[in-house]
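A short write-up of the structure that comes next.
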Amino acid sequence: MGKVFEITWYGRGGLGAKTGSILLADAAIAAGKFVQSFPEYGPERMGAPIKVYNRLADEPIRLHTAITNPDFIIVIDTALLENINFGEELKDNGTILINTEKSPEEIKKDLNLGNTNPKIYTIDATGISIRHLGKNIPNIPILSAFSKITNKIEINEIKKHIHDKLIIKYGEDIIEKNIEALEKAYAEVKNERN
Amino acid sequence: MAAKYIPLTGAESAAYAMKQINPDVLAAYPITPQTPIVMKFSEYVANGEVDTVSITVESEHSAMSATVGAAAAGARAMTATAANGLALMWEIVYIAASTRLPIVMGIVNRALSGPINIHGDHSDTMGARDAGWIQVYSENNQEVYDNYFMALRIAENEDVLLPVMVCQDGFITSHSVENVMPAPDQVVKEFIGKKKFKGLLTAEKPFTIGPLDLQDYYFEHKKQQHEAMKKVFPVIEAIQKEFAEKFGRKYDVIEEYRTEDADIVIMGMSSVMGTVKEVIDAAREKGIKVGAVKPRFFRPFPGEYLKKILSKFKAVGILDRSDSFGSLPPLFTETAAVFYTSSTKPLVKSYIHGLGGRDTTVKLLEKVVTDLQKLSETGEGNFTSEYLGVRE
């Protein structure tokens with residue numbers, strides 16, 4: 001099997017980590033990739049910390065294990081940061097994306113990085129979500145930022161799948177607002193150099 | 001339209017297959033991690049995408065009872081359950097098989113209580129191994145989808161007429177999105193065909209089924225169930241062949257992976273075998289001659305197949321995702337028994353793994369490879385069992 005790109009999402013029940021992970025999988029499959037999207041289930045409920053995983057590859061994925069050494073870590077709630085050992089968990093040359101108003105430089109001191117020096121990006125996904133949707137569902141801006149950072153998935157592919165996935169449940173208006181949030185996030189994602 | 005991959009969880013794969021089968025009756029009660037199968041299927045019912053009569057019942061005991069009743073009346077009847085749900089329908093599970101009803105039941109394998117655990121292991125269906133059902137186990141979501149169609153054909157075959165459990169691992173596949181390539185409805189329709197089994201109960205000739213059967217005939221009826229099981233593998237082989245022609249995916253009773261020149265092999269069932277294949281590829285890179293053997297069926301037990309395949313190897317590590325307290329685990333015990341009269345047999349080691357959904361990691365499976373290399377060289381540890389990754 002070729003290289004598998006592994007992602008771990010740290011979120012809380014209700015913030016859309018699972019939906020975000022599934023949207024990523026849907027969009028990636030439509031783009032001809034092989035994927036997995038699976039949550040780590042505990043006694044799940046609104047507000048409880050959850051972990052969700054994605055694998056992306058160009059060939060069929062056979063692994064059926066949890067991801068313990070991801071290429072990419074997404075943190076949706078900064079209150080979870082102190083419990084994540086990025087230094088141990090993240091692959092060498094890995095990447096971190098955090099939902100925060102802070103810049104990567106500012107947030108860096110809150111991260112357990114050990115001796116590692118990963119690439120750090122931030123996006124105010126909650127702010128964007130509240131401004132555009134009127135509530136805190138930061139998964140779409142997060143996906144947008146992920147798309148820009150990694151080039152693993154085209155932003156247009158995500159747009160299409162937001163539409164297909166959410167149209168029945170939420171209607172055209174909410175979709176439009178999500179698309180706005182997506183575009184906003186694409187423009188606003190910050191790395192350490194800007 | 002060219003076939004293409006769509007994203008489906010294992011549970012959705014099961015529901016999608018059931019939609020295409022379009023059974024006459026579905027009677028089910030929700031239980032984690034089976035719930036999303038019934039949820040999704042109920043959506044198909046509500047949207048009018050199937051003609052199925054969906055019977056909501058108050059327990060799994062009633063779910064299986066209604067399924068048995070419907071099947072006996074000649075309906076294509078299905079249900080799905082997991083763990084404690086299977087335990088609650090236990091009594092009727094045996095009756096379905098002894099009444100020779102071609103029911104297909106989706107099982108999302110989950111640990112039995114107690115303590116309560118909702119995650120994947122095989123303790124539920126391994127407990128039901130003597131219930132008289134055929135059991136097929138699925139490695140990934142594509143296999144889940146494909147197995148439903150083959151299961152239906154096997155169950156309804158006139159020489160067989162036995163119920164089939166289509167098993168997949170709770171959460172590991174049931175709640176994981178993977179690439180699945182569904183077949184067009186027409187292909188499924190042609191493959192499954194019209195049901196030939198007309199049921200046992202007819203208005204023209206009223207009679208009772210499953211009444212009292214004491215010392216005079218019960219024994220003979222039990223032997224008939226065994227005789228029916230003996231006819232299953234030739235039927236499976238023919239159906240797998242036809243499936244490959246129609247769907248373009250080839251299945252064998254036992255899947256062998258990189259075994260041509262292997263000295264040692266890891267054997268197991270369901271989702272763990274995907275991880276095993278990755279571990280084998282990595283070990284092969286280091287020059288270790290290791291392969292994998294995956295029995296797809298546990299009932300009937302493919303003993304003759306395994307005897308032929310496994311006798312080629314020096315050592316075999318057998319992964320069981322269930323335990324048999326006070327004995328050795330089921331896949332290991334039944335495999336070892338096959339070699340009792342053989343002069344050529346491999347060294348064997350048993351591994352109990354993944355109980356209650358404990359992750360069977362690459363690292364743990366790498367240890368199995370190292371163990372088996374040692375076993376094949378020294379013979380030490382032959383016919384012993386260990387708990388893989390348990391904390392002491």
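The values are calculated or read from the model by the stated rules, or taken from the named source; none is laboratory data. In this text the structure is predicted, and so the values were computed from the model without any measurement. Cβ atoms come from the backbone with ideal geometry, glycine included; neighbour counts cover every protein chain shown. For the accessible areas, the whole protein counts, side chains as well, though only heavy atoms, and no ligand, DNA or RNA atoms are used. Shrake-Rupley method; radii C 1.70, N 1.55, O 1.52, S 1.80 Å.
A few remarks follow.
- Residues in the stretch B:143-189 that are within 14 Å of chain A (Cβ to nearest Cβ), under 19 Å from the mean Cα position of the chain (by Cα) and of a type outside the set (D, E, K, R): B:Val144, B:Gln168, B:Gly170, B:Phe171, B:Ile172, B:Thr173, B:Ser174, B:His175, B:Ser176, B:Val180.
- Filter result for B:Asn22 (open to solvent by 10 Å² or more (accessible area, probe 1.4 Å), within 14 Å of chain A (Cβ to nearest Cβ), farther than 16 Å from B:Val144 by Cβ and not small (Gly, Ala, Ser)): no
- Restricting attention to the stretch B:263-289, the residues being in a loop (DSSP other than H, G, I, E, B), open to solvent by less than 10 Å² (accessible area, probe 1.4 Å) and more than 14 Å from chain A (Cβ to nearest Cβ) number 0.
- Cβ separations smaller than 8 Å between residues 6+ apart or across chains give the following pairs from the stretch B:151-170 residues that are within 13 Å of B:Gly106 (Cβ to Cβ) and outside any strand (DSSP E or B) to residues that are basic (Lys, Arg) and open to solvent by 20 Å² or more (accessible area, probe 1.4 Å): B:Leu152/B:Arg76.
- Looking across the stretch B:25-35 at every residue that is touching a Lys or Arg at 6+ places or on another chain (Cβ under 9 Å) and within 13 Å of chain A (Cβ to nearest Cβ), the one that is surrounded by the fewest Cβ atoms within 10 Å (Cβ to Cβ) is identified as B:Thr32.
- Filtered residues of the stretch B:207-221 (kept if touching a residue at least 24 places away in the same chain (Cβ under 8 Å) and either on the phi > 0 side of the Ramachandran plot or part of a helix (DSSP H, G or I) (or both)): B:Gly210, B:His221
- Residues that are out of contact with any Gly (no Cβ under 9 Å at 6 or more places or on another chain) and open to solvent by 10 Å² or more (accessible area, probe 1.4 Å) were ranked within the stretch B:78-99; the one that is nearest to B:Ala155 (Cα to Cα) is B:Ile92.
- Hits in the stretch B:1-19 (condition: open to solvent by 60 Å² or more (accessible area, probe 1.4 Å) and more than 14 Å from every other protein chain (Cβ to nearest Cβ)): B:Met1
- Total residues in the stretch A:1-37, condition of a type in the set (Gly, Ala, Ser), open to solvent by 30 Å² or more (accessible area, probe 1.4 Å), in contact (Cβ under 8 Å) with a residue 40 or more places away in the chain and not in a helix (DSSP H, G or I): 2
- Residue in the stretch A:45-87 that is nearest to the chain's Cα centre (by Cα), counting only those that are in a strand (DSSP E or B) and in contact (Cβ under 8 Å) with a residue 60 or more places away in the chain: A:Ile74
- The lone exception for A:Glu101 - which of (1) closer than 17 Å to A:Thr78 by Cα; (2) in contact (Cβ under 8 Å) with a residue 40 or more places away in the chain; (3) not in a helix (DSSP H, G or I) it fails: (2)
- Of all residues in the stretch B:122-142, exactly one satisfies the criterion of being open to solvent by 10 Å² or more (accessible area, probe 1.4 Å), within 14 Å of chain A (Cβ to nearest Cβ) and either under 13 Å from the mean Cα position of the chain (by Cα) or among the hydrophobic types (A, V, I, L, M, F, W, C) (or both), namely B:Asn140.
- Qualifying positions in the stretch A:66-103 - out of contact with any Leu (no Cβ under 9 Å at 6 or more places or on another chain), open to solvent by less than 10 Å² (accessible area, probe 1.4 Å) and either over 17 Å from A:Ile128 (Cβ atoms) or within 14 Å of chain B (Cβ to nearest Cβ) (or both): A:Ile67, A:Gly94
- Taken as a whole, the condition of being in contact (Cβ under 8 Å) with a residue 40 or more places away in the chain, buried (at least 16 other Cβ atoms within 10 Å of the Cβ) and out of contact with any Phe, Trp or Tyr (no Cβ under 6 Å at 6 or more places or on another chain) applies to B:Val235.
- Single residue of the stretch A:160-194 satisfying the filter (in a helix (DSSP H, G or I) and β-branched (Val, Ile, Thr)) that is farthest from A:Thr95 (Cα to Cα): A:Ile168
- Scanning the stretch B:36-55 for residues that are within 25 Å of the chain's Cα centre (by Cα) and either loosely packed, with under 15 Cβ neighbours inside 10 Å or not assigned by TED's automatic domain parsing to the domain that holds B:Gly170 (or both) yields a single hit, B:Met39.
- The single condition among (1) open to solvent by less than 20 Å² (accessible area, probe 1.4 Å); (2) touching a residue at least 60 places away in the same chain (Cβ under 8 Å); (3) on the phi < 0 side of the Ramachandran plot that B:Gly74 does not satisfy is (3).
- Checking each residue in the stretch B:96-121 for being in contact (Cβ under 8 Å) with a residue 12 or more places away in the chain and within 14 Å of chain A (Cβ to nearest Cβ) picks out B:Val108, B:Asn109, B:Arg110, B:Ala111, B:Asn117, B:Ile118, B:His119, B:Gly120, B:Asp121.
- Top-ranked residue in the stretch A:28-50 [being more than 9 Å from chain B (Cβ to nearest Cβ) and over 18 Å from B:Gly120 (Cα atoms); ranked as modelled with the lowest pLDDT]: A:Arg45
- Unmet criterion (only one of (1) under 30 Å from B:Pro7 (Cα atoms); (2) surrounded by fewer than 23 Cβ atoms within 10 Å (Cβ to Cβ); (3) not polar (S, T, N, Q)) for B:Ile103: (2)
- For the stretch B:283-300, a residue qualifies if it is small (Gly, Ala, Ser) and touching a residue at least 12 places away in the same chain (Cβ under 8 Å), and the qualifying residues are B:Ala283, B:Gly291, B:Ala292.
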